[in-house]
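Here's the structure, in structure tokens; my notes come after.
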Amino acid sequence: TAEALIQQPNIASKRFVYEQYDSMVGIKNQSTNKKSDAPVVRVMGTDKSIAISVDCNARFVYADPFVGGMIAVTEAARNLVCTGAQPLAITNCLNFGNPYNPHVYWQFVNAIKGMGEACRKLDTPVTGGNVSFYNQSSYEGPVYPTPTIGMIGLIEDQNKILGMSFEDEGDLIYLIGTQNGDVNNSEYLHKLKEIEDSKAPYFNLDEEIQLMQTVLELNNLQLLKSAHDISDGGLFIALTESAMAGNKGFQICTDPQFRKDAYLFGEGQGRIVVSIHPSNKEKFEAHFEENKIPVQPLGNVTETSIQIDEENYGEIKFWKDLYNNAIHKQIG
């Protein structure tokens, strides 16, 4: 056995065993096979896999600690669900300023309450964690409250690991969840419009639970080709990330009842972008009619170009270059 070989004085034997252990990392890691919202690790000797996600948007927690705490948990869960995994449990790393500051302690208490509320709804027990206080300086003050969530989920069947990549030209793209045009506390508002303080974005815990159950059901029915949650950057970023992952483009039409910038860059919670094969259109849409769940057709996957409301925004390789080389270009 490996344990017996390690006890041997022969250095060559030990080196062989360690090399075998190292090679197993490549066997277990399934994230390189299909790009997904959460890394996936194979459970050797079974058909099962474990998915892992880590999440927290500190801006949301700063805006509303209770809601932000719930969002941190549910976003981690959405990432697992978009990978085909049933959320199981969480751990956490809670980062806050000086707890003797009443405002910081208020943030801490309410963030924990929000996390607890979401965990009870998701039935994901807290298996452990740690707290880091006094993260602040005399001139900048405390850090944004950051209750980072680490969550694991279970995929029972390796054949049902779900990726985020747009795969084939002509596949249909849908938005599942409530579209509301809420631009509050988005990257767009914060970075481009330089509005640092705004409310937490739209969030409804019951809708989140229903959304996750729906995506897991659709995946079990093998109706989905990809799934990617909408988070930082909003709908446009989610679509572009799926396009970059599959080296494809997309064409969509925005909803005229919402401002275009809010529609594309708002970060209202509880939304997932999916793609399906055109042959599954009737089955897919019938599922939503039966369950009264919001769904909106967006458009379809293209060969390489991005088009929004019939306006061309260039080839996906242009956006991929911006994404992959941003830091290099800044320091080059």
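The values are calculated or read from the model by the stated rules, or taken from the named source; none is laboratory data. Keep in mind that what you see is a predicted model, and the values were worked out from it rather than measured. All Cβ positions, glycine included, derive from the backbone under ideal geometry; neighbour counts span all protein chains shown. Quick note on the areas: whole protein, heavy atoms, side chains included, nothing else; ligands and nucleic acids left out. Shrake-Rupley method; radii C 1.70, N 1.55, O 1.52, S 1.80 Å.
Mind jotting down the distance between the C-alpha centroids of the stretch 256-270 and the stretch 124-201, whole Å?
16
Describe numerically, in nm with one decimal, the distance between label points set 7 Å from Cα along Cα→Cβ at D206 and at F133.
So the label points at D206 and F133 sit 3.7 nm apart.
Please work out the ratio of the alpha-carbon Rg of the stretch 246-298 to 2.2 N^0.38 Å and round it to two decimals.
For the stretch 246-298, the normalised Cα radius of gyration is 1.32.
Which pairs in the list K121/K193; K113/K199; K225/K260 are over 25 Å apart, alpha-carbon to alpha-carbon?
As for pairs spanning more than 25 Å Cα to Cα, those are K121/K193; K225/K260.
List, largest first, the extents of the alpha carbons of the stretch 131-191 along their principal axes, each in whole Å.
55, 33, 21
What do you get for Rg/Rh over the stretch 112-216 if you use C-alpha atoms and the Kirkwood form of Rh?
1.02
Normalised by the residues of the stretch 55-143, what does the relative contact order come to in percent, with Cα pairs under 8 Å and at least six apart?
Rounded, it is 36 percent for the stretch 55-143.
With a 1.4 Å probe and every protein chain left in place, work out the accessible area per residue of the chain in Å², rounded to a whole number.
The answer is 50 Å² per residue.
After finding the eigenvalues of the alpha carbon gyration tensor for the chain, what semi-axes result from the square roots of 5 times each, listed largest first in whole Å?
32, 29, 21
Would you work out what percent of the accessible area of the chain, with all protein chains in place, is carbon or sulfur (probe 1.4 Å)?
Answer for the chain is 52 percent, counting heavy atoms of protein chains only.
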